[in-house]
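Working notes, structure below.
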Amino acid sequence: MSVQFHIPEYARIAMKTLNENGFSAFVVGGCVRDSIMGKIANDWDMTTSALPEETLEVFKNYRTIPTGLKHGTVTVLIDKQPLEITTFRIDGTYTDNRRPDNVNFTRNIENDLSRRDFTVNAMAYSEKYGLVDLFGGVKDIENKIIRCVGEPDKRFQEDALRIMRAIRFSSVLGFEIEKETADSIRRNKHLLKNIAAERIRVELEKLLLGDDAERVLLEFSDVIFEIIPELKATSGVKQNCPYHIYDVWHHIVKSVAASEKDKYVRLTMLLHDIGKPQMKTTDNNGQDHFKGHASVSADMAFEILKRLRYDNKTISVVTKLIYHHDDRLYNAPQNVKKHASKFGFEFLYLLDKVSRADMIAQNPETGGRFSACDNYMELLKKVEEEDSCLKISDLAVNGNDLISLNYHGKEIGKTLELLLEKVLKNETENTREALMNFLAKENNNEV
């Protein structure tokens, strides 16, 4: 396999500097994998035979940051670009299923590569020594396989986050997980309880945004249920109604796959029906109903996203999308201005993406609602382009105008709200003349 390694200049300088001082140096890990796959690598990491203190001495004329000297890592700034340089090492014992209690430094690149997680990540490249691939990483890339380096149980018990990394790589790269590795994932999934929620969140989010998210979510649903136990209750819950042909879990997965690759949208689809099992009722005709499930799902999603340490904005946007995902606003196109005033354009565009993904994952024979969505979105875009009056401050009159008509106190605010409602319903134009005439008529009627 002929591979072009487009190593950035700052990394070339670091490699050359280490070589000139008698040390070997390699770019390693994901950047090597991506280069072999013909992708543009964004993150470049380097490994070297130099001990941490030797690395600091070699780069004494550069700004250095002792990022993790205990584990052999020094960050060097070259041309304002940070580069992590880590000494070849052998990991000690792992007692927390996440990080080695200690590391031993080595001058041997082979020792360093043998401690890494997957074969596709256990390759190194140097312009001086070429590609070092001891575990068949290139072959596994060609065959689109994720395989552990060495014994899978040992790898996952050392660092349980590797379980999430494996299924994330499978989703993002479109690679199958080799059988022994997959079996080990299932045996060791309970160890994920020892991993920080923030780290789980990062891997889950990348998985959801992958091209193969649908396959991975179904194939490794037991792992997903381990990190979000509330989802397990959706598996096997039938939806006997005209709009659905899948059980709740399969509908959820189908909706994730059908949705746009947007963090908010895909998180929404993963959690939008999580409350359905507890809200399920069946009528006398054997038809299932899930009244109130959107509100319950939103409440459950709030707790789950908090647990996963999501930021407040993400929690707010996703739970709001879930709460309103079943509103079918497009059934009332006459209220599009009112909706824009209440929710804002950005939210309504996201809600449209959610609604479409939800419908795609239902019964294809009950389609036909997309034309209503298209019509609604055309109207919404028109409202946005026209820069329509959507809030009180957009009105052509203000409080001073009402004072001139002898309005006082709270009456002013209530009247402005009334005027806005009339404008949103297209019952009057947003011009000073039209609004003042409307108020004059209102006052005459009261008299």
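The values are calculated or read from the model by the stated rules, or taken from the named source; none is laboratory data. In this text the structure is predicted, and so the values were computed from the model without any measurement. Positions of Cβ are generated from backbone atoms using ideal geometry, with glycine treated the same way; all protein chains shown enter the neighbour counts. Accessible surface is based on the protein model in full, side chains and every heavy atom, while ligands, DNA and RNA are left aside. Shrake-Rupley method; radii C 1.70, N 1.55, O 1.52, S 1.80 Å.
A few remarks follow.
- Verdict on residue 218 being at pLDDT 95 or above, open to solvent by less than 10 Å² (accessible area, probe 1.4 Å) and either under 21 Å from the mean Cα position of the chain (by Cα) or more than 14 Å from residue 117 (Cβ to Cβ) (or both): no
- For segment 221-244, residues that are farther than 30 Å from residue 99 by Cβ, modelled with pLDDT of 95 or more and among the hydrophobic types (A, V, I, L, M, F, W, C) total 2.
- Residue ID - farthest from residue 370 (Cα to Cα), chosen from residues in segment 297-338 that are open to solvent by less than 30 Å² (accessible area, probe 1.4 Å), part of a helix (DSSP H, G or I) and without any contact (Cβ under 8 Å) to a residue 40 or more places away in the chain: 305
- Qualifying residue in segment 94-102 (condition: of a type in the set (S, T, N, Q) and either farther than 23 Å from residue 196 by Cβ or modelled with pLDDT of 95 or more (or both)): no
- The condition of being closer than 21 Å to residue 337 by Cβ and touching a residue at least 12 places away in the same chain (Cβ under 8 Å) holds for only one of 395, 405, that being 395.
- Checklist (1) loosely packed, with under 15 Cβ neighbours inside 10 Å; (2) at pLDDT below 95 applied to residue 105, failing item: (1)
- Scanning segment 224-240 for residues that are of a type outside the set (S, T, N, Q), in a loop (DSSP other than H, G, I, E, B) and crowded, with 17+ Cβ neighbours inside 10 Å yields 228, 237.
- Some residue of segment 24-36 being surrounded by fewer than 19 Cβ atoms within 10 Å (Cβ to Cβ), out of contact with any strand residue (DSSP E or B) (no Cβ under 6 Å at 6 or more places or on another chain), closer than 22 Å to residue 120 by Cα and touching a residue at least 12 places away in the same chain (Cβ under 8 Å): yes
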